[in-house]
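The values are calculated or read from the model by the stated rules, or taken from the named source; none is laboratory data. Everything numeric in this text was worked out from a predicted model, so none of it was measured. Note: ideal-geometry Cβ built from the backbone for every residue, glycine included; neighbour counts use all protein chains shown.
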Amino acid sequence: MSNDQKKKSGFKMPHIYVILFVFGIVAAAATYLIPAGEFDRIELENSRAAVDPESFTYLESTPTGLTEFITAIPRGLVDAGEVVFFTLIIGGMFMVLRESGIIEIAVDKMARKFSKKSIFIIPVLVAVFASVATLIGTAELSLVYIPVIIPLVIALGYDSMTAAAVALCGTVIDVYVGVLNPIIQDLRRQSGLPTFSGLGFRLILFVIVLAVTAWFIMRYAKKVQKNPEASLVYEDDAEKREMYSSIGDSAPLTATKRQIAGALTVLVFSRYSNIRSNRTGLVYDRNGWLIHHYGYYCRSCNRTNLTRISEAFTKGFREVLMGAIIVGLARSIAVILEDGQVMDTIVNGLGTVVGGLPPVLAAAGMYFVQLLINFVIPSGSGQALVTMPIMAPLADMVNVTRQTAVLAFQLGDGFAHILYPTSGYFMAALALAGVEWHKWIRFFFPLFVIFMVISLSALTIAQITGWS
């Protein structure tokens, strides 16, 4: 039997749609096995709701029926509408930029600059993305970074997995460590801790995680550069290699004045839209301004007309459509559990288990609780509102400092965002990169195990030293 025949006769990972559908079935089955229950919600000062940890009550069972299961997917798409729409807009935006020639020019200049020291682009980008995430506090920026850096990474002899790893791991580092992350600082205040308290310990952890992340990605990238067929996405990258690998071999590309004007227009309007969205807190507000500035952009570029711009925009939609649908499928799992009213029961049960552990083990138990809950509540802020009102007073009961309890939340919540297929933005980012989820797991899981060891070590040190 030939090698090709052996490969065909072996196990083949199901399509991600099938995987998420199976998770949906498991979630529906769980509503029949787990009792329904809920906590009372209380309104915080910022008009957001958090649970009252003393108010848990069991309810009459409301298992998910066939109708609820069938409609969970469209309802998931509606609930995740902002991320779905943002994914489509990013796909269209990148294709328009590529059609204008600006992407090729920028990549050509960067490829020439790093041609003799290309491997250093990885730690530089990881550090930049992590630093930006530290200030802004959003890992969703990976959706913007991936389409931009893929041409550069391919041109330097690496692959799409490398680009996805740089963007996803870089942006999630501060979600994991929470050095200056505004969401984590708000959580710290809600837990009765001073803002930016414990900064020194988190800075040390940030540097360690940043170094380990860069080392791991560089190790894989060197292997791919030495032997392209060692890439986990070698066949998937065939078209990209044909498109980008020759960049830098010919005469240097130069931008026209109108192309420069077009690029500046994009930057100005993108920046204005980000400021506007930060004031309103609405993703779709940013998307609306992104669409608006295309009118200015079309007038500024000299290589395209309005018809080609429109066609490129539509082509970009097609490129990321699967990622947009995956976001809705991922969200549908949480919709099913919410319909069955078992989400609070799961959180309450896990909190009870942790309460029976000795202090050092309780800190580790909190980490694993957050790690597990992240599967069904992939939103960091949403997970904090549900779990921290329970974990903070529980920490007092088992002699774990609240600083350590918040750290357990951060570490458990962080890198799980780029592990579980229920994380909508993560699955959309993989779709933008053209990387299948099971191939990402083959690449990322060893690094995730390393992060788990770092997390448990950090929590043990924090608990033993009484970090507060």
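Points worth noting:
- Residue pairs whose Cβ atoms lie under 8 Å apart, separated by 6 or more positions or on different chains, with the first residue in the stretch 343-365 and more than 23 Å from I464 (Cβ to Cβ) and the second in a helix (DSSP H, G or I) and among the small types (G, A, S), are M343/A334.
- Some residue of the stretch 295-307 being out of contact with any helix residue (DSSP H, G or I) (no Cβ under 7 Å at 6 or more places or on another chain) and modelled with pLDDT of 70 or more: yes
- Of all residues in the stretch 366-395 being crowded, with 23+ Cβ neighbours inside 10 Å and of a type in the set (G, A, S), the one that is modelled with the lowest pLDDT: G380
- Where a residue in the stretch 170-183 is of a type in the set (S, T, N, Q) and its partner, wherever it lies, is modelled with pLDDT under 65 and outside any helix (DSSP H, G or I), with Cβ under 8 Å and at least six apart: N181/G137
- When G76 is tested against (1) crowded, with 19+ Cβ neighbours inside 10 Å; (2) modelled with pLDDT under 85; (3) under 30 Å from A433 (Cα atoms), only condition (2) is not met.
- Within the stretch 396-430, considering residues that are touching a residue at least 12 places away in the same chain (Cβ under 8 Å) and among the charged types (D, E, K, R), the one surrounded by the fewest Cβ atoms within 10 Å (Cβ to Cβ): R402
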